[in-house]
1. If I filter the range 51-85 down to residues being modelled with pLDDT of 95 or more and touching a Cys at 6+ places or on another chain (Cβ under 7 Å), which single residue comes out as surrounded by the most Cβ atoms within 10 Å (Cβ to Cβ)?
2. What are the residues in the range 91-117 that are surrounded by 16 or more Cβ atoms within 10 Å (Cβ to Cβ) and of a type in the set (D, E, K, R), if any?
3. Under 6 Å by Cβ, and 6 or more places apart or on different chains, what pairs join a residue from the range 131-150 that is free of Cβ contacts under 8 Å to residues at least 24 places away in the same chain with one that is open to solvent by less than 60 Å² (accessible area, probe 1.4 Å) and small (Gly, Ala, Ser)?
Amino acid sequence: MGMNGSTMLEPLRQGLPPLDPAAVSDAASCSLPARYEAVGDARRFTRRTLDQWELSDHFDDICLVVSELVTNALRHAMPAHGAHCAEQNPPVRLHLMRWTGRLVCAVRDPSQESPVARDSDDFSAESGRGLFLVDSFSDSWGWHPMAGTLGGKVVWALFRLRPHTGPATASAE
């Protein structure tokens, strides 16, 4: 990823019509505490939201990516005093936004540091494959720094919502 906002957001635009923020058909978000148990909360929130939007058939890939993004935010972006900050202002926030044909998962955290994808060649490693999985299961991903008083950054992943097709039917010859 590049180091400026337009480069970091470019994958969000590739091969798709422009995103009009006013054209979001559905959006949901939740605050997450600075605890690893929040990953389970994020999965449950994602399940409920996708069920409401009738997108349950996309749950597995989206949930995996949400889990990785939230885990990375908790593991790498939280200050040492994260639990104390969480009482005043939840430091991690999950956003799900749906447009016709695409869904974006975005996780906001308090760190200014860019996410770093580690070498994905060592599949026996105990950790370090999160962004490789995000890249593998989403159609694109990126990040951008927050502006104004919020600070921190947002790491996002985009999913193209392909229409669900039922089982193939055999044609009579």
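1. Restricting to residues being modelled with pLDDT of 95 or more and touching a Cys at 6+ places or on another chain (Cβ under 7 Å), the top hit is Leu69.
2. Correct list: Arg93, Arg98, Arg102, Arg108, Asp109.
3. Short answer, once both residue conditions are applied: Phe132/Ser120.
The values are calculated or read from the model by the stated rules, or taken from the named source; none is laboratory data. All of these numbers come straight from a predicted model, not from anything done at the bench. As a convention, Cβ positions derive from the backbone with ideal geometry for all residues, glycine included, and neighbour counts pool all protein chains shown. Heads up: the accessible areas ignore ligands, DNA and RNA and are worked out on the full protein's heavy atoms, side chains in. Shrake-Rupley method; radii C 1.70, N 1.55, O 1.52, S 1.80 Å.
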